[in-house]
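The values are calculated or read from the model by the stated rules, or taken from the named source; none is laboratory data. Here the structure is a predicted model, which is why all the values come from computation and not from measurement. Cβ atoms come from the backbone with ideal geometry, glycine included; neighbour counts cover every protein chain shown.
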Amino acid sequence: MKIGFIGLGNMGAPMAANLVAAGHQVTGFDLSAPAPDGVSMAASAAEAATGAEVVITMLPNGAILKAVAGEILPEMAPGAVLLDCSTVDVASAREVASQAEAAGLGALDAPVSGGVGGAAAGTLTFMVGGGEAAFATAKPLFDVMGQKAVHCGPAGNGQAAKICNNMILGVTMIATCEAFALADKLGLDRQAMFDVVSTSSGQSWSMTTYCPAPGVGPKSPADNGYTPGFAADLMLKDLRLSQAAAEDADADTPMGQLAAALYARFVEEEDGKGRDFSAMLPRFEGRGRSS
Ligand code: NAD
């Protein structure tokens, strides 16, 4: 397939490289990142999009996505598909999709989970919003870049699924970390805590797959000095998107709101920037009831 790829950063570069390795013809554009192997670079986003059957975007946020969409939609061939894999706010995703559809184009929002490791290995999970025909066009590309693509409904629903999932993740990670810190103070051994909770009703992915306590459970960023993994900064981004969506939809999300506030403090006022999001455990360890 002839593919335009805009945004060749930490995630976009390995995704584009996998498409090239699978035999697709990829023309890329980025404001600063270098060309991944096999990707020919265009001089602008509009040039990268011209003549492409699918244009993939992997950009930092909704404002940038809207600006890039403004440049590329007029250049895209009728029937081509805009496949946005960035994590952005639901409102921006829906706005861009309706502009694309008005221009006779297909549009999908398809944020990913799996991180840089999943992007390099081609094992991402895509959560996809948009029409059936566009999903069918993009399916072979999801198969190259990932291991699973779930069609979640119309435009914006991929972003909705992503931020709801990550809101649960942020909340359960905090709950798991504060429970470990309480267990420490009650004299409970961390291995015993893991053995009980991982097979009891308090279990979650945060405990069983990504345990925040070093030396306990499967290998995780805690065993590597809390080097990300999934950075606390990115968790904060996703929690803020969940709260922006909750505002728009008038949904009551007290735990998500509190998780967003805690990660904001951790990243912006404490030592959380650049650390894995499970480094909430050493944060709680050092604190008392009044701190
Ligand atoms: P990144 O900052 O490494 O890459 C973004 C790229 O976009 C940069 O190379 C930047 O130069 C480029 N860019 C910015 N504005 C542009 C423009 N107007 N035109 C062309 N290029 C432009 O970020 P990343 O880690 O690759 O993340 C990309 C998206 O994927 C984000 O929305 C992020 O939330 C999401 N995501 C990241 C991860 C992760 O682990 N890194 C995991 C899941 C989802």
(request) Name, by its number, the condition in (1) among the aromatic types (Phe, Trp, Tyr); (2) farther than 25 Å from Ala260 by Cα; (3) within 15 Å of the ligand (Cβ to nearest atom) that does not hold for Phe135. (result) (3)
(message) Residues to consider are Ala52, Ala67, Ala63; find the one that is within 9 Å of the ligand (Cβ to nearest atom) and either out of contact with any Pro (no Cβ under 8 Å at 6 or more places or on another chain) or more than 23 Å from Leu241 (Cβ to Cβ) (or both).
(response) Ala67
(request) Kindly check whether there is at least one residue in segment 88-105 that is in a loop (DSSP other than H, G, I, E, B) and within 13 Å of the ligand (Cβ to nearest atom). (result) yes
(request) Tell me, yes or no, whether segment 182-205 has at least one residue that is buried (at least 22 other Cβ atoms within 10 Å of the Cβ), under 20 Å from the mean Cα position of the chain (by Cα) and not small (Gly, Ala, Ser). (result) no
(message) Can you tell me which condition Lys237 does not meet? The list is (1) surrounded by 14 or more Cβ atoms within 10 Å (Cβ to Cβ); (2) in a helix (DSSP H, G or I); (3) in contact with a helix residue (DSSP H, G or I) (Cβ under 8 Å, 6 or more places away or on another chain), and all the others hold.
(response) (3)
(request) Look at Gly9 and say whether it is within 8 Å of the ligand (Cβ to nearest atom), out of contact with any helix residue (DSSP H, G or I) (no Cβ under 9 Å at 6 or more places or on another chain) and in contact (Cβ under 8 Å) with a residue 24 or more places away in the chain. (result) yes
(request) Give Glu132, Glu101, Glu95 a once-over and let me know the one that is out of contact with any Ser or Thr (no Cβ under 8 Å at 6 or more places or on another chain), over 24 Å from Ala249 (Cβ atoms) and either at pLDDT below 95 or among the acidic types (Asp, Glu) (or both). (result) Glu132
